[in-house]
Amino acid sequence: MRVLRIPATVTAILLSVQILGAQTKITPPKNKYSPQDDVQLGREAAAQAEQQLPILRDDNVTSYVADIGQRLVSAIPAELQHPEFRYTFKVVNVKEINAFALPGGPMYVNRGMIEAAHSEGEVAGVVAHELSHVALRHGTAQATKATKYEVGTIAGAVIGAIVGGTAGSVIAQGTQFGLGTAFLRFSREFEKQADLEGAQIMARAGYDPRDMANMFKTIEQQGGPGGPQWLSDHPNPGDRYAYITKEAQSLHVDTARRDSSAFQSVQAHLRQMSPAPSTEQATRNARNGGRTGPVATSGRISTNVERPSTRYTSYTEGNLFRVSVPSNWRELPGNNSVTFAPEGGYGGSDGQSVFTHGAEFGVTRNESHDLQTATDELVQALSQSNPRLRRESDYQRVNVGGHQGIRTELSNQNEVTGRAERAQLYTSVLGDGSLFYMIGVAPQNEFGSYDDVFDRVIGSVRFAR
Ligand SMILES: [Zn+2]
């Protein structure tokens, strides 16, 4: 394999020297879904997003963003135009600097993004970048890499990626012990594509592509504590500013549209409105009143939970795997995970979902392909929604459904119940490179009845071929 890859790299370098000075040719990544699937997935996710997020109903602001959007849409190159797609633009009345676009065309720009921009060109930069993800069909290309999950399953995870932070992982997972949103975040490879394609679209629409790089700097500077959600969904491939500037040099824009009186008046208009709430504040009501997933709506946390049954029941999860769990545990499907928990061992409080006894299974995209590194990243992701999570052991080798796996012991203090708990994390890299995990959780003082059960449960996992 290695030997084959070296000549390919050399060819790529030679090609890039030959076309130096011309704009970069972007090839859409491999995608097993149809453009119609993009439309369907985007439509479902948009419906969910609009249930959760406060859409700003203000014609001034919305039509301004839609005008920028349409100007850029008409500059999408012919080979990336999909007749099924319909680009729409809405503004979300929250203060975080964020924006997102869904497969097939629905796009949402946060009010905070418009307020933070220094020029219309910067707003156009973010919109062009998001549009490029849609035109290159990156959402479903990402899902193609994940292979095992169906389009319908992925739609829910989109919402988590949008809302972000703790609220996002709760919505995405239906559990507090969730992995959050790594599943749908764009890879650095896709980021670079969206930057370069976005730069080209901007230039054709009469904007200066360097304003995209400027906006990314604005986002970085004004991110606030924990960094802006936009950057964690759109990681910097590294030399972002350098290659956007270089690309801009090969694109000729005579008199770039950078600022406009419309931009000034929209910003002035927004300043007159009452300040936008945070996404967390805005979605809390929607979550309490709305659907928070099966875990929160059907269970109630109790201090008196039945011990794991010695009888086991078998479940098949999608086309991914089979597992046997104690027969007094219920199956609680999440969006990109599934939890098995006994009565009293799962529930919700104050809009947060949580499980205190049982096991959660999930699959996450993994770029490192190295089991130990991928597991480190997962523990890191888990500790974002579980700030008191600690690793208590070294990695121990185990077998996970015929794959090499590792087991790690963790301790945590449950954020909802306040109780000390222990967890056992099992991970394994699957054939397609994704990371499969099971996390078994029980309160510290009951853990003795659970650790062998978790070993037995993971031992029963069989992957579909
Ligand atoms: Zn991006």
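Judged by the mean number of other Cβ atoms found within 10 Å, the most tightly packed of the peptides 436-445, 71-80 leads the ranking 436-445, 71-80. Pairs exceeding 18 Å between alpha-carbon atoms, taken from LYS25/LYS217; LYS192/LYS217; LYS90/LYS217; LYS30/LYS192; LYS25/LYS246: LYS25/LYS217; LYS90/LYS217. Taken along the Cα-to-beta-carbon direction at a fixed 7 Å, the label points for GLN221 and SER34 span 4.8 nm.
Readers should treat all values here as calculations from the given coordinates under stated rules, not as data from a laboratory. Owing to the predicted nature of the structure, the values given are computational and were not obtained by experimental measurement. Note that we place each Cβ from the backbone using ideal geometry, even for glycine, and neighbour counts take in every protein chain shown.
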